[in-house]
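Below is one structure, written out as structure tokens; comments come after it.
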């Protein structure tokens, strides 16, 4: 198949959606399919070989300038190349600009207005490239519903169907201020009819987003996440006197690091616990959440646990694999209904038992892959009890680790993700072809 797949760059952050889009494109390329992975906003950052195009559409600098000044909505395309270049976008990304939905409402709405918004020129650049420079694809794939307004112009430029991936953008939408939140939802719902199919990354995501965006059941598909597990060791480390609890995710309130720290405090205060323990955390920390993290560090010190807490920042792939291999248990106590759970899959692939809240996609991950104990959501006490249970029963922890490693390799590999994606894409392309030829 010829597939044009867009992916939304996130600057200097390892973004789960970017990792997923890149892994899928790489696997499809490996199988001989003709895939162009086209970044929007910024170049993408991945922890495996990056297969995305060097060209970026809707460059973050242009999008911002056009939003805030009518002058830049009329500048020549040739001049725009100065700030649309990969070098300029990478330089801007390194400034570590906060991506706070509360400050991005107007821009979000403008983008969703498509040709009626302030970024009309960017749509014209894209459609010109599609008509005159790009090879016609069998179908195009949008990376999330916040770019649903591109469905119509992309379809008109290519004459082929458009699929939209759903992979966690509801958290951003929920964080928008009013009236931008309501307007964002209205505009996405208006674009649903232009999209041939929606692809959710979990059963939970499909159900939730269908309700949120009024997506008909006939348009909804599920392509579960997949991870590249070949270089993750499956054998958990040999337990020593120091019991190590790990957290790996973006450091933000909704990911629950503060809740894990509270649970760790309860765990360490419980009689019969390990003589030595550590809580190790890693993941991207954005400027908008620095005060949140500083509060966590302060509380850990106040509790006398500062010496047992370590933060390792954002990790490259080899560092991430080593991080998981050093854990006795992984915990990701998200305080919202997580639709993806990629770090949990990576921990399980490493043979590390996981403590996950009974919510969102975590319930289906635990059911399919095994390897996890489900805990009561938003409960430090339940999380602490889970830690204590795995400390007291190393045989249970070891069995969960083995089950998780097997389960991920059976149900959540990149190969399985690609199999299902191709099934969906081929079905959408066939249906579009039948429709255009008058076949019912």
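The values are calculated or read from the model by the stated rules, or taken from the named source; none is laboratory data. In this text the structure is predicted, and so the values were computed from the model without any measurement. Here the Cβ positions follow ideal geometry from the backbone for every residue, glycine too, while neighbour counts run over all protein chains shown.
Determine, yes or no, whether residue 381 is closer than 21 Å to residue 259 by Cβ and surrounded by fewer than 19 Cβ atoms within 10 Å (Cβ to Cβ).
Answer is yes for this residue.
Look at segment 218-232 and say how many of its residues are outside any loop (DSSP other than H, G, I, E, B) and either in contact (Cβ under 8 Å) with a residue 60 or more places away in the chain or touching a helix residue (DSSP H, G or I) at 6+ places or on another chain (Cβ under 7 Å) (or both).
So the count comes out to 4.
Being over 16 Å from the mean Cα position of the chain (by Cα) and more than 20 Å from residue 149 (Cα to Cα) is the filter here, so list the residues in segment 1-35 that pass it.
Initial filter on segment 1-35 (over 16 Å from the mean Cα position of the chain (by Cα)): 1-4, 26-35.
1, 2, 26, 27, 28, 29, 30, 31, 32, 33, 34, 35 - these are the residues of segment 1-35 that are over 16 Å from the mean Cα position of the chain (by Cα) and more than 20 Å from residue 149 (Cα to Cα).
Quick check on segment 233-249: of everything there that is farther than 16 Å from residue 392 by Cα and assigned to a loop (DSSP other than H, G, I, E, B), which residue is modelled with the highest pLDDT?
Checking each candidate, the answer is 249.
Which residue is nearest to the chain's Cα centre (by Cα), if the candidates are limited to segment 61-77 and must be assigned to a helix (DSSP H, G or I) and farther than 22 Å from residue 105 by Cβ?
In this case the residue turns out to be 77.
With the structure loaded, tell me whether residue 32 is in a loop (DSSP other than H, G, I, E, B) and modelled with pLDDT of 95 or more or whether it fails that test.
Values: in a loop (DSSP other than H, G, I, E, B): yes; modelled with pLDDT of 95 or more: yes.
Yes: the conditions hold for residue 32.
Could you list, in sequence order, the residues of segment 9-18 that are touching a strand residue (DSSP E or B) at 6+ places or on another chain (Cβ under 9 Å) and within 16 Å of residue 340 (Cα to Cα)?
Those that are touching a strand residue (DSSP E or B) at 6+ places or on another chain (Cβ under 9 Å) and within 16 Å of residue 340 (Cα to Cα): 15, 17, 18.
Test each condition in (1) in a loop (DSSP other than H, G, I, E, B); (2) touching a residue at least 60 places away in the same chain (Cβ under 8 Å); (3) under 30 Å from residue 10 (Cβ atoms) for residue 260 and report the one that comes out false.
In the conditions (1) in a loop (DSSP other than H, G, I, E, B); (2) touching a residue at least 60 places away in the same chain (Cβ under 8 Å); (3) under 30 Å from residue 10 (Cβ atoms), residue 260 misses (1) alone.
For segment 78-185, which fully contained helices (runs of 4 or more DSSP H) count at least 1 residues that are crowded, with 20+ Cβ neighbours inside 10 Å and in contact with a strand residue (DSSP E or B) (Cβ under 8 Å, 6 or more places away or on another chain)?
On the way: elements: 86-93, 105-112, 120-132, 151-158, 170-174.
Helices (runs of 4 or more DSSP H) meeting the threshold: 120-132, 151-158.
For segment 294-327, give me the residue count where each residue is assigned to a helix (DSSP H, G or I) and either in contact with a helix residue (DSSP H, G or I) (Cβ under 8 Å, 6 or more places away or on another chain) or farther than 23 Å from residue 354 by Cα (or both).
Here the count works out to 14.
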